[in-house]
Every structure is written in structure tokens, then in C-alpha cells.
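Engineer: For reference, the structure I am asking about is given below.
The values are calculated or read from the model by the stated rules, or taken from the named source; none is laboratory data. Worth saying up front: this structure is predicted, and the values here are computed from it rather than measured. Cβ placement follows ideal geometry from the backbone for every residue including glycine, while neighbour counts extend to all protein chains displayed.
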Amino acid sequence: MAFEIGSLTYPYDALEPHIDTRTMEIHHTKHHAAYVASLNKAIETSPTLAGRPVDSILREIQSVPVDVRLAVVNHGGGHANHALFWRLLGPNKGGQPRGRLADEINSTFVSFQAFKEQFTTAATTRFGSGWAWLCQDEHGKLVVYNTANQDSPLMQGHRPILGLDVWEHAYYLKYQNRRPDYITAWWNVVNWDMAAEVFDSAR
């Protein structure tokens, strides 16, 4: 069964004024759709990958045939990263996490504010295109870092909890070269309830 981009649970204009309508529409229907189309094309030539969830494929990326591995890294990563990204956004969100995720953030980073500053730095300092992440590492410890291009934390055995797309296509129509302004605005639409669900499901 071919991969699909799926529908958002909110309209494209729901994140205004923080993320503009046109960017959301192009990002979802053009950029994410292109990753899915290219992933499906790569999978066609490797029947052993057919029917497997993209997360499973990325976790075992070294077992993917060499002739399609780079395409799976780029386009499978693009699909998995975006599928999570959309879920972690929402109108009238922002604020701070609660429950176990909040406790773990405070335990690991001392405070939510300290975590927020570290995550913002990871997003701001990612040279070129990529992502900033809050993940659980292979030992279950929370870590913050950034990755290049569409590389997925899944490929290094980590579980992404929160991710921010800092490719220019995610913000350029509204913010042009002002990535820090986009990052500041993004905190207002983070769906912490969903992040907590993702975190709890990793137990």
C-alpha cells in the first residue's frame, strides 16, 4: 500500500498569525506530497520494503538496499518528519507541557525555560536546511539536537517527541530570512498535549 500525506486535523489558516495560510498549504500539499511521491517510487524498486511503516524502515536503515537507501533517507525521512510535525501543531496551543513529559523536561534540563532556550539554539544554529528535535535517546533520556536535511532521529535509534522544521520552505513566505522570528512564533502553536501522547506511547 502506497504512503500518503494524510489530512491535517485543522484548516490551513488555523495557525495564523504565527504560521501563514499559504505556507501551510504549500508545505503540506507540495513539499510533503513530493517526499511521499518520491518515497513511493523508491519503494517500487524494492519489494521487501513494501507494506512496512516508514518509521520501521528508518529504524533499520542499514538493511535498506544500497541502491535506494539515500532516497529512503531523504524522502522517507521527509515523510516521517512531516507526518509528526503536523500532529505537533495546533490552533490555540503553546504554553507548557504537563504530566510526565513536563516532569522529565524539568528533570533533564532543570526548567522548561532552560529547555526552551536549548531547543531554540538548536533550531537557530542549524546551518542550512534541517530540523531541531527533542528526542528520547537509546537509553530513554531526553536530548535536544538538530539534524541536516530530512535525516530522521529514528535512524540513530532515537524516538522523536517534538520536531521543528527549519527548512526555508517552512517559513520564507512570511518571515523571509528571519528564522529566529519564525522559531519564536512556532512556540505559540506547539501542541503539547500531542507531544505528551507521543512521549507516553514510547514507554
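Engineer: Given the criteria among the acidic types (D, E), under 20 Å from V144 (Cβ atoms), out of contact with any strand residue (DSSP E or B) (no Cβ under 6 Å at 6 or more places or on another chain) and surrounded by fewer than 16 Cβ atoms within 10 Å (Cβ to Cβ), does D103 qualify? I'd like the intermediate steps shown before the answer.
Structural biologist: Working: among the acidic types (D, E): yes; under 20 Å from V144 (Cβ atoms): yes; out of contact with any strand residue (DSSP E or B) (no Cβ under 6 Å at 6 or more places or on another chain): yes; surrounded by fewer than 16 Cβ atoms within 10 Å (Cβ to Cβ): yes.
Answer is yes for this residue.
Engineer: Here is a follow-up. So L49 passes all but one of these: (1) surrounded by 18 or more Cβ atoms within 10 Å (Cβ to Cβ); (2) farther than 15 Å from L154 by Cβ. Which condition number does it fail?
Structural biologist: L49 satisfies every listed condition except (2).
Engineer: While we're on this one: Looking only at helices (runs of 4 or more DSSP H) that fall completely inside region 24-109, which ones have 2 or more residues that are out of contact with any Ser or Thr (no Cβ under 8 Å at 6 or more places or on another chain), closer than 13 Å to F3 by Cβ and at pLDDT 95 or above? Before the answer, list the steps.
Structural biologist: Values: elements: 33-44, 54-59, 66-71, 77-87, 99-109.
Output list reads 33-44, 54-59, 77-87.
Engineer: Also: Please work out if R87 is out of contact with any strand residue (DSSP E or B) (no Cβ under 9 Å at 6 or more places or on another chain) and among the charged types (D, E, K, R).
Structural biologist: Details: out of contact with any strand residue (DSSP E or B) (no Cβ under 9 Å at 6 or more places or on another chain): yes; among the charged types (D, E, K, R): yes.
Against the criterion (out of contact with any strand residue (DSSP E or B) (no Cβ under 9 Å at 6 or more places or on another chain) and among the charged types (D, E, K, R)), R87 qualifies.
Engineer: On to the next question. Please state which of the following conditions S63 fails to meet, knowing it meets all the rest: (1) surrounded by fewer than 14 Cβ atoms within 10 Å (Cβ to Cβ); (2) of a type outside the set (A, V, I, L, M, F, W, C); (3) outside the structural domain of S129 (by TED's automatic domain parsing); (4) within 24 Å of V190 (Cα to Cα).
Structural biologist: (4)
Engineer: Just one of V54, V68 is buried (at least 18 other Cβ atoms within 10 Å of the Cβ), over 24 Å from R87 (Cα atoms) and touching a helix residue (DSSP H, G or I) at 6+ places or on another chain (Cβ under 9 Å); which is it? If you could, list the steps in order and put the result at the bottom.
Structural biologist: Details: V54 fails: over 24 Å from R87 (Cα atoms).
When all the criteria are applied, what remains is V68.
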